[in-house]
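Read the figures in this text as sums done on the coordinates, not as results from a lab. Keep in mind the model is a prediction, meaning the values are calculated, not measured. Note that we place each Cβ from the backbone using ideal geometry, even for glycine, and neighbour counts take in every protein chain shown.
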Amino acid sequence: MQEIKCPNCGAPAKNHKNCEFCGSLLVRFANKGIDLSNTTYLNNDAVLPGLIKQLEKNLDLQQNKENGLVKTVLSVEDERYIDDTRPICTVITSNGLVSDNAEIIFPNAELPSLAVAFSFRIYNSTIESKYPVYKEHRIQKDKFEQLNSFSLFDLYVSPNQTDENGDTYIQYLYAIDFGPDAEGAARLISEIANKVYGCPLNKPLIYETGTEREWKIKNAEIAEMQAAIQKEETKENIKKWIWIVLAALGFLLWLIL
C-alpha cells in the first residue's frame, strides 16, 4: 500500500485507516486529499472538556473481555426529554455498533476501538410543522453534511420507520470506526457537537461510560421510570374524565330541576 505522511506525527504511514506509528485516524483525511490546515483536527484546542478522558476510559474497559460491549453516551441538557437530557451520540465498542436494520456495521473491527453513529430522523414537512423538534433533525443533518469529516462516515438509510405516535420517518445513520484513536475521535466529535448541535466548546457535555452489564441496569431503570410516568399520567387522565363526567351530570340535573 502506498505510504502517506501522517498529518498527526509526520511518519510515512502505510495503514490508511489508523497510522501504525501514532494510531491517528487523520491519515484518512490525507488519503482522501483533504487539507487539514484550516480545521480543528490537528490539536486538542477545540476539544470538549473531559471527552478524551471518557474515550480513554472506554478503551481501557474494553481490555477486559468480560466487560462485553463498552458504551459512552454523550448528552446535552434538554427539558423536552426524559431526565431532562437528550443523547446526541453514543460511542461503543466498534464491533457492537448495529444499524436500525440489525446489521452489524463493523463486524471485523480490531479491538479495542471506538465507533460512533450520528442519526437523524427525517419526517415529512406536515409532521415537522406539527412538531418543531423534528425540524431540528433536518437542519442538523444539513449542517453535518457540510463538515470536513462528513466524507469519512458510512451512511445507512432505514426508510418507513414508525414512531410511538404512528408517524413515519426515514432514519439516516452516519457511522465511523475511529479505531483506538481517542484524541482524534474527540476532535471530530467535538466539532460535530459544536457546529451541528450548538454545544459550546468550553463546557463539558454529560458523559456516561459503562460496561454492557451496567448499561442493562441503567436501561431497566429508565424503562421503569417511563412506565411509572405513564401510569401516573393514566391515573391523572382517569381523574380528569371522572370530573368531566360528574360536571356534565351535574349540569344535566340542573337543567332538569
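In order along the range 14-22, the phi-based Karplus estimate (6.51 cos²θ - 1.76 cosθ + 1.60, θ = phi - 60°) of 3J(HN,Hα) comes to 9, 7, 8, 9, 9, 3, 6, 9, 10 Hz; Gly and Pro are listed as x. Shape of the range 54-106 from the C-alpha gyration tensor: oblate (a/c of 1.5 or more and a/b not above b/c, with a ≥ b ≥ c the square roots of its eigenvalues). Spatially, the range 2-44 and the range 144-165 are offset by 25 Å when compared through their Cα centroids. Note: relative contact order over the range 146-209, using C-alpha pairs below 8 Å and six or more positions apart, is 23 percent. Based on Cα atoms of the range 1-93, Rg over Rh with Rh as the Kirkwood radius reads 1.07.
Between Ser151 and Gln2, the contour length at 0.36 nm per residue exceeds the Cα-Cα span by 51.6 nm. In the range 45-239 the Cα-Cα distances spread across 5 Å bins starting at 0 as 1, 7, 13, 18, 20, 18, 12, 6, 3, 1, 0, 0 percent of all pairs.
Placing a pseudo-label 7 Å from each Cα along the Cα-to-Cβ vector at Asn44 and Glu110 gives an inter-label distance of 2.3 nm. Here the extension length gained between Ile206 and Lys14 equals 65.4 nm, from 0.36 nm per residue of separation less the Cα-Cα distance.
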